[in-house]
Structure formats: C-alpha cells, structure tokens
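Since the structure comes first, as structure tokens, the remarks are kept for the end.
The values are calculated or read from the model by the stated rules, or taken from the named source; none is laboratory data. Treat the numbers as computed from the prediction; the structure is a model and nothing was measured. Backbone-built Cβ (ideal geometry, glycine too); neighbour counts: all protein chains shown. Heavy atoms of the whole protein, side chains included, go into the accessibility calculation; ligands, DNA and RNA do not. Shrake-Rupley method; radii C 1.70, N 1.55, O 1.52, S 1.80 Å.
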Amino acid sequence: MGIIKMNISERMKDFNVPGVSIARVERGKTLESQQFGVLEAGTNKVVTENSIFHACSISKMVTALCVVRLAQAGKVDLYRDLGDGVTLAALLAHCVGGEFEYSDEGYSRVARVVEEATGETIPELAERLIFKPLGLRCTFFWDNLPEGVTLDDCAVGHNKTGAIVPEIRMVYPNAEGAGLWSTPTELAKIAMTIEPEMRKPYGSVKWAGLGVFLGENAFMSQGWGVGMQCRLRVDTARQSCIVVMTNSDPGVDQDGSIVGEIIQNFRRT
C-alpha cells in the first residue's frame with residue numbers, strides 16, 4: 001500500500017505550497033516517509049524526514065493526552081465540576097454546556113487547572129509523559145527547542161500565494177492549544193499512543209472526543225494557522241496513521257487543500 005497515487009509535486013504548484021512532509025506508521029513501524037519541496041521559498045533548504053513543521057491545533061491532542069494520563073495517575077479528575085458544570089473533559093471536547101463550540105480559551109483554562117494541580121505546565125508535562133518516553137527528538141512546544149534542534153530545522157510559513165508570511169514562524173501565546181512543532185513521523189508515534197478514553201464521544205455530538213475528532217473506526221486531529229497546515233488520521237482497526245504537514249496556509253480548510261487530497265488518496269489505496 002503506497003501513499004503516492006497522485007502527482008504531489010504538480011499539486012504543490014497548483015496550491016503554491018513550498019514544502020510537504022508525509023509519514024505513514026502502522027503497528028508502531030514507519031512504513032513510508034516522503035518529503036517534497038523546500039522549508040523556505042527561494043532557498044535550497046530541502047524538506048527532509050527530520051524537518052520540523054508547526055503542528056498548530058494538533059497541540060490540543062497532545063494536551064489532552066497529558067491530561068488523561070494525569071487523570072489515570074489520580075492527579076486530576078476529568079469529570080469533576082470546575083464551576084458552572086464545566087469539567088476538564090468538557091473543555092477538552094469543546095463541549096461546554098453540552099453544546100459543541102470550538103475553543104482555544106477552553107484549552108487555556110485546562111492548562112491553568114492542570115498547573116494548579118501539579119505545579120507543571122503542559123509543555124513540561126508533555127516532555128515528561130510523552131516526548132521522552134517515546135524517544136522523540138524533534139517534537140517540542142515553542143521556546144523549548146530540544147538539544148541539537150535549531151531554527152534552521154524548522155519550516156518557514158507561507159501564504160496562499162507562496163510568499164513567506166511576515167511572522168516567518170508564527171508563535172501563539174497559548175502553547176497548550178497551538179504551540180506544538182513536530183515531524184510527521186513523530187506525530188504519528190504520538191497518535192498511536194492515544195488513550196481509549198480520548199476516543200469516546202463526549203457531549204452533544206458523536207464526533208467529538210477528548211482532544212480528537214472521531215470517525216468510524218478512526219480519529220483525526222488537524223492544525224491550520226498562519227503559514228502552516230496539517231492533518232493526521234488514525235485508522236484504529238488497521239492500527240495505522242497517516243500524517244501530512246505543509247508550510248503553507250492555502251486559504252481553504254484541509255478538505256479543500258493538498259493536505260486533504262493526500263489523506264483521501266491514502267484512504268483509497
């Protein structure tokens with residue numbers, strides 16, 4: 001089973017996307033890793049397997065995984081009322097008041113509750129509970145570059161015309177919701193360790209889990225920010241994951257971009 005059933009290089013030109021990185025992991029083993037283009041338009045900095053992209057809102061999946069593991073250790077309670085009927089689980093599923101409403105502020109509140117309970121920030125917890133145990137070397141929350149990683153390893157953001165965005169590499173104030181940087185291979189490794197509790201529907205919609213979005217025998221997480229777009233999809237029956245990361249904001253959501261095209265292509269193979 002292969003990823004490439006489409007001319008990715010040609011579609012990159014159509015979407016003005018400078019760089020694409022793709023990985024497929026099955027049962028913990030990396031089966032495919034392919035890269036195209038450059039980290040920064042107008043340079044010869046080619047995208048490699050270790051090139052790091054902004055994961056944007058995939059950060060929320062990592063934050064949720066931290067919180068669920070803290071709950072398993074008895075450090076926090078996912079379902080305790082924090083006031084006004086709000087729980088950590090509700091915040092993680094964007095389902096405050098029983099209605100789905102996507103919220104970055106909700107994840108900021110999660111981070112505050114967790115830090116009060118543990119004395120650790122989400123980036124600190126992620127490093128201790130997820131990144132180090134998995135042996136990840138290219139995954140971090142901004143301002144916490146691992147040893148051996150430099151800005152030259154990190155993709156530069158571009159807009160829908162292919163021009164470099166003014167921010168170069170956008171940094172958001174809410175690390176827990178949008179501060180993660182990683183590679184497709186390392187994101188896939190994280191995704192394959194998602195806890196069963198996260199894959200249960202929560203709230204008024206069947207497709208909202210804790211930090212992830214649910215499908216039939218599958219779950220997804222995605223990110224779209226200034227100059228970057230990405231998506232990961234896990235087939236739970238097959239125990240496989242496909243991750244696509246780009247250094248472009250194409251001006252349309254993943255379903256209409258090269259990111260979604262590659263994911264759909266993979267699902268048809």
Starting from the Cα-Cα distance between residue 143 and residue 103, subtract it from 0.36 nm times their residue separation and give me the gain in nm to one decimal.
-> 12.1 nm
Which value, in Å² rounded to 10, gives the accessible area of residue 226 with a 1.4 Å probe and all protein chains present?
-> 50 Å²
With θ set to phi - 60°, apply the Karplus curve 6.51 cos²θ - 1.76 cosθ + 1.60 along the range 188-194 and write out the HN-Hα couplings as whole Hz, x wherever there is a Gly or Pro.
-> 4, 4, 5, 4, 6, 10, 4
Going through the range 70-105, which GluC sites (Glu not before Pro) have at most 16 other Cβ atoms within 10 Å and a DSSP loop state?
-> 99, 101
With 5 Å bins from 0: P(r) over the range 15-60, alpha-carbon pairs, percent = 5, 19, 22, 22, 20, 8, 3, 0
Using θ = phi - 60° and the Karplus curve 6.51 cos²θ - 1.76 cosθ + 1.60, what whole-Hz ³J(HN,Hα) does each residue of the range 82-96 get, with Gly and Pro shown as x?
-> 8, x, 6, x, 8, 10, 4, 4, 4, 5, 5, 9, 6, 10, 5
Size of charge dipole - the range 55-179 - debye, nearest 20, with Cβ of Lys, Arg +1 and Asp, Glu -1, no other charges | 360 debye
Which one of 196, 156, 145 is farthest out on the positive end of the charge dipole of the range 113-217, using unit charges on Cβ (Lys, Arg +1; Asp, Glu -1) and the Cα centre as origin?
-> 196
With no solvent term and unit scatterers on the alpha-carbon positions of the range 110-228, Debye gives log₁₀ I(q)/I(0) at q = 0.13 Å⁻¹ of -0.63
Residue-normalised 222 nm signal for the chain, counting each DSSP H run of n ≥ 4 as -39,500 (n - 2.57), nearest 500 deg cm²/dmol, is -7500 deg cm²/dmol
Residues whose modelled amide H sits under 5 Å from the amide H of residue 45, counting only those 5 or more places away in sequence or on another chain, are 39, 40
Label-reachable residues, the range 81-103, where backbone N falls under 17 Å from a point 7 Å from residue 206's Cα toward its Cβ | 100
Under a 5 Å amide H to amide H cut-off, with H placed in plane at 1.01 Å, what residues pair with residue 211 once short-range neighbours are removed?
-> 93
Placing +1 on each Lys and Arg Cβ and -1 on each Asp and Glu Cβ in the chain, then taking the dipole about the Cα centre, the residue among 244, 61, 98 whose Cα reaches farthest towards the positive end is 244
Once the piece of chain linking residue 239 and residue 43 is laid out straight, how much longer is it, given 0.36 nm per residue of separation minus the C-alpha distance between them?
-> 66.8 nm
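What area, in nm² and to one decimal, does the C-alpha convex hull of the chain cast on average over all directions?
For the Cα atoms of the chain, the hull's average projected area reads 13.4 nm².
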Residue 255: accessible area at probe 1.4 Å, nearest 10 Å²?
-> 120 Å²
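Using 0.36 nm per residue, how much length does the chain from residue 152 to residue 217 gain when fully extended, once their Cα-Cα distance is taken away? Can you show the working numbers first?
On the way: separation 65, 0.36 × 65 = 23.40 nm, distance 3.80 nm.
Here the answer is 19.6 nm.
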Net charge of Cβ neighbours under 14 Å - reference residue 197; Lys, Arg +1; Asp, Glu -1 = +1
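Rounded, prolate or oblate for the range 41-112? Axes are the square roots of the Cα gyration tensor eigenvalues, ordered a ≥ b ≥ c, and the cut-off for rounded is a/c under 1.5. Please list the in-between numbers first.
Working: a/c = 4.13, a/b = 2.16, b/c = 1.91.
In terms of gyration-tensor shape, prolate.
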Charged-residue dipole, Cβ positions (Lys, Arg, Asp, Glu), the range 112-269 about Cα centre, Debye nearest 20 | 660 debye
Site residue 75, offset 7 angstrom along Cα→Cβ, radius 15 Å on amide nitrogen, limited to the range 89-115, gives 110-115
So which of 29/132; 13/60; 29/60; 13/45; 75/206 end up more than 20 Å apart by C-alpha?
-> 13/60; 29/60; 75/206
